[in-house]
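Participant: Below are the structure tokens for one structure; questions will follow.
The values are calculated or read from the model by the stated rules, or taken from the named source; none is laboratory data. From a predicted model like this one, the values you see are computed outputs, not experimental measurements. All Cβ positions, even for glycine, are placed from backbone atoms using ideal geometry, and neighbour counts span all protein chains on display. Accessible surface areas use protein heavy atoms only, side chains included; no ligands, DNA or RNA. Shrake-Rupley method; radii C 1.70, N 1.55, O 1.52, S 1.80 Å.
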Amino acid sequence: MGASGVEFVADEAGGLSRPTSAQQVAAHIRRMIFDQRLRAGERVPQDEIAAELRVSRVPVREAVIALDREGWVTSRPHLGAFVNGLDENSVRDHYELLGLMYGLAARRAVERGSDEGIAAVAETAKELQATNDADAFAALNTAFLRQVLVLASSRRISAVARVITTNIVPGNFFAQVPGVIRVHKRGMRGIVKALKAGDGPGAESAFVDLLRAETDSVVSLLNQRGLLS
């Protein structure tokens, strides 16, 4: 979720890496779709986006390729890329996959992490529970997820995180989605309780439950904005 629930770019150690130019362009295009500056069926104006962001066409092309893989757009040879509408099934599957991936990371964190590492995760979660400021909340949540990935000690999990942790809701997830801080705090309590108890399967299940609960809030927001086909 970096700025979004559990969504950020993880590096090899499970930490955060700076977004590339292509990733920043992809985020900009997602924002254009979210704000309905680009609508389903419309062609992505790659030259205009490159000019607006003051980048070459190379990162724009790379962004379009990534967005095609994610299902945001469809690239057509010699014609360009065209915006796809979001659909509820894909949105729900996106967050289900995130829950499964981070759930596995939490289980591995219990199995492979140290007592000191789990205590540090719990302390970050305690700070998270104490704030309702969306920016502070997002930063603490990102720190929490980074710690869990480091404790999981798995290059494979970190690699998967880099692939699937992309934003459906652009910007600060906790500022954009009404009521989601409350939902997230409740879910985090269950995750941390399981981590502290050494209950790997329980932490895994709690992560999945958290993402499912947040998905309802995301689907409601996307429906309100007329973004679901």
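Participant: For helix 115-129, report the angle its Cα long axis makes with the longest principal axis of the Cα atoms of the chain; keep it between 0 and 90° and round to the nearest 10°.
Facilitator: 60
Participant: Among 141, 194, 168, pick out the residue whose Cα is farthest towards the positive end of the charge dipole of the chain, where Lys and Arg carry +1 and Asp and Glu carry -1 on C-beta, about the Cα centre.
Facilitator: 168
Participant: Mind checking the angle between helix 21-34 and the chain's longest principal axis? C-alpha axes, 0 to 90 degrees, to the nearest 10.
Facilitator: Orientation of helix 21-34: about 80 degrees from the principal axis.
Participant: Using a Förster distance of 45 angstrom, determine the FRET efficiency expected from the C-beta separation of residue 136 and residue 76, and round it to 0.05.
Facilitator: So the FRET efficiency works out to roughly 0.55.
Participant: Share of segment 81-190's accessible area from carbon and sulfur, percent, 1.4 Å?
Facilitator: So the carbon and sulfur contribution to the accessible surface is 50 percent.
Participant: Please give the charge dipole size of the chain, origin at the Cα centre, charges +1 on K and R Cβ atoms and -1 on D and E Cβ atoms. Round to the nearest 20 debye.
Facilitator: 120
Participant: Also, I was wondering about something else. Along each principal axis of its Cα atoms, how long is the chain end to end? Whole angstroms, biggest number first, please.
Facilitator: Taking the Cα atoms of the chain, the three principal extents are 56, 35, 28 Å.
Participant: With a 1.4 Å probe and all protein chains left in place, how much accessible area per residue does segment 92-229 have, in Å²?
Facilitator: Normalised by residue count, the accessible surface of segment 92-229 is 45 Å².
Participant: Another one. For the chain, what does -39500 (n - 2.57) per DSSP helix run (n ≥ 4), summed and divided by total residues, give at 222 nm, in deg cm²/dmol to the nearest 500?
Facilitator: Helix-only estimate at 222 nm: -21500 deg cm²/dmol.
Participant: Kirkwood Rh over alpha-carbon pairs of segment 70-141, then Stokes-Einstein at 25 °C and 0.890 mPa s: what D in µm² s⁻¹, rounded to an integer?
Facilitator: Estimated diffusion coefficient is 155 µm²/s.
Participant: Could I have the simple spin-label model distance between residue 196 and residue 90, label points 7 Å from Cα toward Cβ, reported in nm to one decimal?
Facilitator: 4.1
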